[in-house]
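What follows is a single structure, written as structure tokens, with notes after it.
Each reported figure results from applying straightforward, stated rules to the coordinates on display, with no laboratory input. Predicted, not measured: the structure shown is a model, and the values here were computed from it. Here the Cβ positions follow ideal geometry from the backbone for every residue, glycine too, while neighbour counts run over all protein chains shown.
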Amino acid sequence: MANTPLSSNTLSHEIAVWQRVRDLSEAILAQQRAVELTPEEHPDMSSRLDNLGLSLQRRFQRNIGDIRDISEAILAQQRAVHLTPEGHSASRSVVVFISQEIYRVVELTPEGHSEKASYMINLGISLNTRFQHTGDLRELSEAILVQQRAVDLTPQGHSSMPLSLFLHNLGISLQSRFHRTGDLLDISEAILAQKEWVELTPVGHSNLPSRLSNLVNSLDSRFQRTGDLRDISEAISTQQRAIELAPAGHWDIPSYLINLGISLRSRFQQTGDLYDISEAILAQQRGADLTPEGHPDMPSRLENLGISLHRRFQSTGDLRDISGAILAHQRAVHLTPEGHPKLPSWLSSLGVSLGCRFHRSGDISGLSEAILAQRRAVDLTPKAHSDIAPYLTNLGVSLRSRFQHTGDLPDLSEAILTQKRAVDLMPEGHSGTPLFLYNLGISLQRRFQHIGWGVDDCYSILWALSQSSSHLVVQLTFALLK
């Protein structure tokens with residue numbers, strides 16, 4: 001059959017369409033260059049990534065559905081998500097649009113098509129990104145179903161998009177759902193996917209250490225949930241392998257060392273083996289030493305080192321450990337900018353370590369410094385934050401300790417008010433409430449010894465006794481009878 005000649009109107013339309021595609025391609029090149037030249041922390045970075053994503057979407061629609069465009073749009077949008085304030089409507093609309101387009105591609109792609117699995121994995125990534133925006137667990141669950149199907153459709157040795165990458169994305173989604181729901185099946189399946197991902201990675205591959213480290217995170221998460229020593233022991237040996245395989249001077253080695261220390265400390269807390277906590281301290285000290293000055297992770301690495309030194313002090317009573325912990329906490333606080341969400345936690349850790357040294361050495365100046373740090377932690381923490389009650393009760397303990405050393409009644413009165421507030425803020429039935437009540441009861445007992453009972457004290461003691469576990473009731477009653 002002879003070809004039908006194009007009418008002048010149709011030809012003009014075709015030319016106009018291709019002209020728009022060419023113009024759009026030039027715009028995309030310019031936007032990609034702008035993104036490359038923009039520092040990650042620049043306030044315009046997220047909007048530039050959004051604009052790049054939108055342009056890639058438009059070319060995808062006009063360029064007969066080239067999946068590379070939508071894949072690049074997803075990558076741009078993922079970066080924008082991490083840089084965009086929560087709930088930002090423009091960024092969210094781009095995420096929704098991308099996932100709708102990929103849905104269309106997946107539905108139009110016949111079963112058995114060589115790229116079907118690749119399209120599905122892109123859909124899973126897009127749904128996971130939507131979940132990060134909305135918090136809607138249904139989006140994440142759908143992402144997991146899609147990613148699992150993509151893995152099932154992909155034969156071993158598939159080259160266009162390796163099976164190992166599909167397993168990686170599936171593992172991330174399963175991890176995310178476990179952290180939301182606590183379902184052990186999810187973290188167990190994440191571990192299986194990540195182990196297969198590691199097994200598919202050739203020895204000597206530059207990404208093998210980071211893949212091993214990701215597996216460590218999942219093993220550690222399951223250990224924290226179950227207390228199964230096999231998981232934490234496997235996490236330790238896996239992290240040690242990652243460190244051994246990483247090239248000398250690799251930028252991730254400090255992070256691997258810090259994580260190894262965390263796992264060793266977790267096992268020490270379960271077994272009491274001093275060898276583990278000593279090895280944890282050595283690893284975390286090396287991790288901190290290898291971290292360049294000005295690195296944004298330096299405060300958290302110092303904080304972890306301080307926690308490990310504190311844990312060993314609690315077992316050995318060696319003042320060098322608690323002094324080292326205090327120095328690490330002080331440096332972490334000093335390096336942390338105002339407004340950082342972790343600053344209150346690190347101030348509270350500093351206060352607790354200073355308080356421990358006071359109880360061992362009797363240095364009152366250290367106790368006053370502890371109170372200042374703990375007050376600041378309380379002041380910087382939102383009233384509805386889950387950590388405010390522990391910060392308050394720690395402050396109360398330090399105030400009571402100073403009263404016992406100086407006899408200054410205002411310290412004791414403030415301790416009682418602070419500890420009452422901590423108890424009031426605890427959710428009903430929380431496992432930490434009895435200990436908070438016990439600390440409040442001790443402070444009330446100290447005031448009774450000093451000035452006698454008040455009506456409020458009687459009510460507080462009776463209420464504390466009614467809420468406490470039987471073990472703490474015995475302790476509290478004994479304290480009151482002293």
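Positive-end ranking of H250, S315, Q239 along the dipole of the range 226-335, with charges on Cβ about the Cα centre, is headed by S315. Remark: the range 193-205, residue by residue, has Karplus-estimated 3J(HN,Hα) of 5, 5, 5, 5, 4, 5, 5, 7, 8, x, 4, x, 5 Hz, where x stands for each Gly or Pro and the curve is 6.51 cos²θ - 1.76 cosθ + 1.60 at θ = phi - 60°.
How big is the Rg/Rh ratio for the range 292-334, C-alpha atoms only, Rh by Kirkwood, two decimals? Ratio of gyration radius to Kirkwood radius: 1.04.
Under the simplified labelling scheme, the S323-L145 pair shows an inter-label distance of 6.2 nm, with each label point 7 Å from Cα along Cα→Cβ.
Each peptide in 175-188, 123-136, 317-330 gets a packing score, the mean of other Cβ atoms within 10 Å over its residues, and the list from highest to lowest is 123-136, 317-330, 175-188.
In this Cβ point-charge picture (+1 for Lys and Arg, -1 for Asp and Glu), the range 208-319 has a dipole of about 220 debye about its Cα centre. Here the contact order of the range 226-335, divided by its residue count and restricted to Cα pairs under 8 Å and six or more residues apart, works out to 21 percent.
The listed peptides 35-47, 345-357, ordered by packing as a protection proxy, come out as 345-357, 35-47 (highest mean of other Cβ atoms within 10 Å first).
Sequence-ordered 3J(HN,Hα) estimates for the range 270-280 from the Karplus curve with 6.51, -1.76 and 1.60 and θ = phi - 60° stand at 8, 10, x, 6, 4, 4, 5, 5, 5, 5, 4 Hz, glycine and proline given as x.
Report the Rg/Rh value for the range 226-335, based on alpha-carbon coordinates and the Kirkwood definition of Rh.
0.98
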